[in-house]
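The values are calculated or read from the model by the stated rules, or taken from the named source; none is laboratory data. Keep in mind that this is a model prediction, so the values were computed, not measured. Here the Cβ is made from the backbone with ideal geometry for all residues, glycine too, and neighbour counts use every protein chain on show.
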Amino acid sequence: MNWSALEALISGVNKYSTVFGRVWLSMVFVFRVMVFVVAAQRVWGDENKDFVCNTAQPGCINVCYDSIFPISHIRLWALQLIFVTCPSLMVVGHVKYREKKDMQYGASHKGAHLYANPGKKRGGLWWTYLVSLVFKAGFDAGFLYLLYHIYDGYDMPRLSKCSLAPCPNTVDCYISRPTEKKIFTLFMVVSSALCILMCICEMIYLISKRIQKLIKRKTEAERRLFAESHEMTPLAAPRSEFRSKTSLRVDPTASVQNLSNIKEEDGPPPKK
Amino acid sequence: MSWPALYTQLVGANRHSTSLGKIWLSVLFIFRVMVLVVAAESVWGDEQSDFTCNTLQPGCENVCYDQFFPVSHIRLWCLQLVFVSTPTLLVAMYVAYRNHRDKRRLLQEEELETLKKRRLPIAGALWWTYACSLVFRLLFEGGFMYALYVVYDGFQMPRLVQCDQWPCPNLVDCFISRPTEKTIFTVFMATASSICMVLNMAELAYLVAKAVTSGWRGWNQ
């Protein structure tokens, strides 16, 4: 199991992701896994060999190294990358489960389909996707905090003082390549923070899209309910928008013969 | 995820590049990535173990090494290559988005595979995406070359550096391993980087000229 196998596994998730999810995936694999593999691992390669303490006491260097580096940055990042990419497998699993259910349904109901599109994020799959996002952001944040807690910040000091047994009194110990390590630590921390931000953006996007859909469905339902409950009864014929003025109304019974019988109107009708 | 995986990603996006873009990709992978992996890494492999200082003081070598090599050349070049390849992924993402949109909107009867095989002409939004990717590439290349120049005061590797950082006593002479070979490779990578920058500028000029002439022709029609 190596990084390319993990990448092949995770790339399958790309089909069911949103735009943010795809950008997140590229960011993780290009900026984090790739930089980790080709650059960061080399920087930490000689950390034990080139860790030097100002003492001839045997065993002191081992003990001091162990107390200063309980777990190497490289191992923490490898674990972080594995944990952060795995929640996507939840989504792949759920889609495969849906497809299996669909196939079984089709077999028993003569070709009918249970899901129009098993990959569309509706119902249970939407919740699985949201939960996977929460886990991704959670793991990333958790590991960032862990790194901060173990190493008292993201700084890498050039010199650390160590006074554990068997070291005599206090011994100066020097870390190898502290500046390069600090640069790569900051790089990995910043890319983790950007990935967390992308996860949060994606969550907001998913939730707002869902709320939009729900509101639209609600207004559609309300409109339909209104139309159904208020039945159209036969009313008077709709009035023409060009209302005829009474002064210009023509009496159909009037004719030249009985003109004198018609009373004259009292001026223009009052305006409504 | 390593160089071969990045290569597959970039080659996919290459279909929509101009000929200069294709040349750029070959220069990038043959003269830069391959040289980095095959040669440069073995030259810099023993950089810390063979960094020797004329002192018995424990810790002095570590501190002096750290002062003169804040970031190793190899790491700077790896980061440079990763950052320079990233804008092409932007173009690839845009092409994927276009394919997806066209499949939904217009060509519902065509399969996504035939859509993927077609070559989009570089016009409209794709032109802008491509031009932006070229600008970013230039910025990253220039930025990293400048960073290397500033950090190491030029592209030459000195044979001797003098260090007076604590805990080194007074002034200590420190000797870098393989300085000439490192200088040769630094100059080689800087030259390859400049060639890539020239190719990118030529490609940008070509794109702008093409857009201007086609716009002018369209105007005249």
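List every residue pair whose Cβ atoms sit under 7 Å apart, with the two residues 6 or more apart in sequence or on different chains, where the first one lies in region A:91-116 and is within 23 Å of A:Val13 (Cα to Cα) and the second, anywhere, is among the β-branched types (Val, Ile, Thr) and at pLDDT 80 or above.
Taking only residues 6 or more apart or on different chains, the pairs are A:Val91/A:Thr128; A:His94/A:Thr128.
Can you tell me which residue in region A:128-156 is farthest from the other protein chains (Cβ to nearest Cβ), limited to those that are more than 28 Å from A:Leu89 (Cβ to Cβ) and in contact with a Lys or Arg (Cβ under 9 Å, 6 or more places away or on another chain)?
Of everything passing the filter in region A:128-156, A:Tyr154 is farthest from the other protein chains (Cβ to nearest Cβ).
Can you tell me which residues in region B:164-203 are of a type outside the set (A, V, I, L, M), over 16 Å from B:Ile74 (Cα atoms) and in contact with a Phe, Trp or Tyr (Cβ under 9 Å, 6 or more places away or on another chain)?
Listed by number, the residues that qualify are B:Pro167, B:Cys174, B:Phe175, B:Cys196, B:Asn200, B:Glu203.
Out of A:Arg158, A:Arg210, A:Arg177, I need the residue that is of a type outside the set (Phe, Trp, Tyr), touching a strand residue (DSSP E or B) at 6+ places or on another chain (Cβ under 8 Å) and surrounded by 13 or more Cβ atoms within 10 Å (Cβ to Cβ). Which one? Please lay out each step first, then the result.
Details: A:Arg210 fails: touching a strand residue (DSSP E or B) at 6+ places or on another chain (Cβ under 8 Å); A:Arg177 fails: touching a strand residue (DSSP E or B) at 6+ places or on another chain (Cβ under 8 Å).
Unique residue meeting the criteria: A:Arg158.
Can you run down the residue pairs with Cβ atoms below 6 Å, 6 or more apart or on separate chains, where the first is in region A:20-35 and free of Cβ contacts under 8 Å to residues at least 12 places away in the same chain and farther than 17 Å from A:Leu144 by Cα and the partner is of a type in the set (S, T, N, Q) and in a helix (DSSP H, G or I)?
Between residues of region A:20-35 that are free of Cβ contacts under 8 Å to residues at least 12 places away in the same chain and farther than 17 Å from A:Leu144 by Cα and residues that are of a type in the set (S, T, N, Q) and in a helix (DSSP H, G or I), the close pairs are A:Arg22/A:Asn14.
Just give me the residues in region B:71-103 being surrounded by 20 or more Cβ atoms within 10 Å (Cβ to Cβ), polar (S, T, N, Q) and more than 9 Å from chain A (Cβ to nearest Cβ), in sequence order.
Within region B:71-103, B:Gln80, B:Thr88 qualify.
Scan A:Ser160, A:Ser191 and give me the residue that is within 14 Å of chain B (Cβ to nearest Cβ) and part of a strand (DSSP E or B).
On the way: A:Ser191 fails: part of a strand (DSSP E or B).
Just a single option satisfies the conditions, and that option is A:Ser160.
Looking only at region B:74-124, filter to residues that are closer than 23 Å to B:Leu134 by Cβ and not in a helix (DSSP H, G or I); which one of those is modelled with the lowest pLDDT? Explain how you work it out, then say what you get.
At the first step, the residues of region B:74-124 found to be closer than 23 Å to B:Leu134 by Cβ are B:76-99, B:118-124.
Going one step further and asking which of them are not in a helix (DSSP H, G or I), we end up with B:118-124.
Working: B:Arg118: 70, B:Arg119: 73, B:Leu120: 74, B:Pro121: 76, B:Ile122: 75, B:Ala123: 76, B:Gly124: 80.
Among them, the one singled out is B:Arg118.
Looking for whichever is in contact with a Gly (Cβ under 9 Å, 6 or more places away or on another chain) and aliphatic (A, V, I, L, M) here; the options are A:Leu125, A:Leu130. Which one fits?
On the way: A:Leu130 fails: in contact with a Gly (Cβ under 9 Å, 6 or more places away or on another chain).
None of the other options fit; the residue is A:Leu125.
Need a quick list: helices (runs of 4 or more DSSP H) entirely within region B:1-70 having at least 2 residues that are within 12 Å of chain A (Cβ to nearest Cβ). Talk me through it step by step, then tell me what you get.
Numbers: elements: B:3-14, B:19-26, B:60-68.
Qualifying helices (runs of 4 or more DSSP H): B:3-14, B:60-68.
Please enumerate the residues belonging to region A:43-69 that are crowded, with 19+ Cβ neighbours inside 10 Å and of a type in the set (Gly, Ala, Ser).
none
May I ask you to list the residues in region A:11-42 that are crowded, with 20+ Cβ neighbours inside 10 Å and more than 30 Å from B:Val71 (Cβ to Cβ)?
Residues satisfying the conditions are A:Val13, A:Gly21.
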